[in-house]
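Worksheet for the structure shown next.
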């Protein structure tokens, strides 16, 4: 481990330091809540072996670097432990030393998540040495990813795990800085958090108060637990708008099977998505005359147009929602022209509604056909039903990955190799193959694969359901 983070032969002090970081990064339960995070929430500090002295030091100060947290390690040669990516549950990821601004990866880290500029590294030096001796009674909890899937996957399970063992007095002295709450106020999901204090959302005052907190932590996870899924389903059922979902619920409740089908435009999608979805719907209705299809494309986070934290995202999200809504409307009209009113009456949409509406309607569905990624997570990571995903390159390991992010998850089916072919690289410059656009090479064969998968997974309901 140490050889990968330090050039030359590592000494015993460095090895002891790396070992202590590994222990701090360990999850309290598999994939849920890292030890250093639990320590910070429990007493406002964590202990680590200094790589300079080989002695244990207490870390009780932090500084925010954009979305990452730098923890000050006291000592003559000042250095910082800096957290890593959201998707890994915010591990202690790298060590930055003030004297030479060197950056050393830690543990299983294999890449620097972002480059820190020289001004950012110099900003770390503003933590004055005298502040080190004033311990915080408790860390401020920073929570909230604007992407609901990361919020669910990388934060909420960790918070749930900590709350399971937290005493009432722990809650009453806890301060929470919520950058985003796409699934609604945290206290709706975890009622015990009503006893904690929350920093006002958004604006310079929020950032200033967060920046002045002695020590800040996130709670990390890389698993959607069964208990958390039940919580999210219950909150969504309670908070969904019955009027907004009435028509779709009526269609779904009188049909079988009910298929959730995703629409994604622009990036990380099939260039011939309309042809694939049209052919798939046609074959589904031929094989299952009583089937219904619900199209999902874009869901708005809770209170999106009223929450000051969402101000800079509103135009982009509204434009995306309008484009997806237009696409779904045109697809439904094409199916009406080709198959008639009876077929089009079995098609409905939840796109453009709230996350609560979408999640609640998902509980009526039996199967999904989704893009890999957030659109699949919205249905399968919460309701855990069978389905099929499509993406640029289909491999068994990718399918298995989706299931292992959910406690007792179901492995999705995939299109056979060669039926989806990568085309354009992403405009964002993130050139991993999963971010490419792709083309369904034979939409009839791909749709037939969907039917075969449905027949393998679905059992007709008992008579009189």
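For region 194-222, a tally of residues being under 16 Å from residue 163 (Cα atoms), in contact (Cβ under 8 Å) with a residue 12 or more places away in the chain and in contact with a helix residue (DSSP H, G or I) (Cβ under 6 Å, 6 or more places away or on another chain) returns 6. When you check residue 33 against the structure, is it touching a strand residue (DSSP E or B) at 6+ places or on another chain (Cβ under 7 Å), within 25 Å of residue 166 (Cα to Cα) and either at pLDDT below 90 or not in a helix (DSSP H, G or I) (or both), yes or no? Yes: the conditions hold for residue 33. If you check residue 309 against the conditions, is it crowded, with 17+ Cβ neighbours inside 10 Å, assigned by TED's automatic domain parsing to the domain that holds residue 386 and without any contact (Cβ under 8 Å) to a residue 40 or more places away in the chain? Spelling it out, it is not the case that residue 309 is crowded, with 17+ Cβ neighbours inside 10 Å, assigned by TED's automatic domain parsing to the domain that holds residue 386 and without any contact (Cβ under 8 Å) to a residue 40 or more places away in the chain. Determine whether residue 189 is assigned by TED's automatic domain parsing to the domain that holds residue 155, out of contact with any strand residue (DSSP E or B) (no Cβ under 6 Å at 6 or more places or on another chain) and buried (at least 17 other Cβ atoms within 10 Å of the Cβ). Yes.
Looking for something assigned to a helix (DSSP H, G or I) and farther than 30 Å from residue 58 by Cα - is there at least one such residue anywhere in region 204-219?
Checked against the condition, which is being assigned to a helix (DSSP H, G or I) and farther than 30 Å from residue 58 by Cα, region 204-219 yields at least one hit.
Going by what's in this entry, would residue 294 be described as assigned by TED's automatic domain parsing to the domain that holds residue 453, buried (at least 21 other Cβ atoms within 10 Å of the Cβ) and out of contact with any helix residue (DSSP H, G or I) (no Cβ under 8 Å at 6 or more places or on another chain)? Here the answer is no, as residue 294 does not meet what is asked. Per the listing 43, 18, the residue uniquely closer than 24 Å to residue 160 by Cα, over 23 Å from the mean Cα position of the chain (by Cα) and modelled with pLDDT of 85 or more is 43. Against the numbered list (1) in a loop (DSSP other than H, G, I, E, B); (2) assigned by TED's automatic domain parsing to the domain that holds residue 381, residue 183 comes up short only at (2). Scanning region 25-40 for residues that are within 14 Å of residue 217 (Cβ to Cβ) and surrounded by fewer than 21 Cβ atoms within 10 Å (Cβ to Cβ) yields 28, 35, 39.
Would you say residue 388 is touching a residue at least 40 places away in the same chain (Cβ under 8 Å) and surrounded by fewer than 17 Cβ atoms within 10 Å (Cβ to Cβ)?
Here the answer is no, as residue 388 does not meet what is asked.
Please pick out the residue among 229, 218 that is under 18 Å from the mean Cα position of the chain (by Cα) and within 23 Å of residue 350 (Cα to Cα).
229
Condition check for residue 381 on (1) in a helix (DSSP H, G or I); (2) in contact with a helix residue (DSSP H, G or I) (Cβ under 6 Å, 6 or more places away or on another chain); (3) closer than 24 Å to residue 303 by Cα: one failure, at (2).
The values are calculated or read from the model by the stated rules, or taken from the named source; none is laboratory data. If you're wondering where the values come from, they're calculated on a predicted model, not measured in any experiment. Don't worry about glycine lacking a Cβ; one is built from the backbone with ideal geometry, like all the others, and counts go over all protein chains shown.
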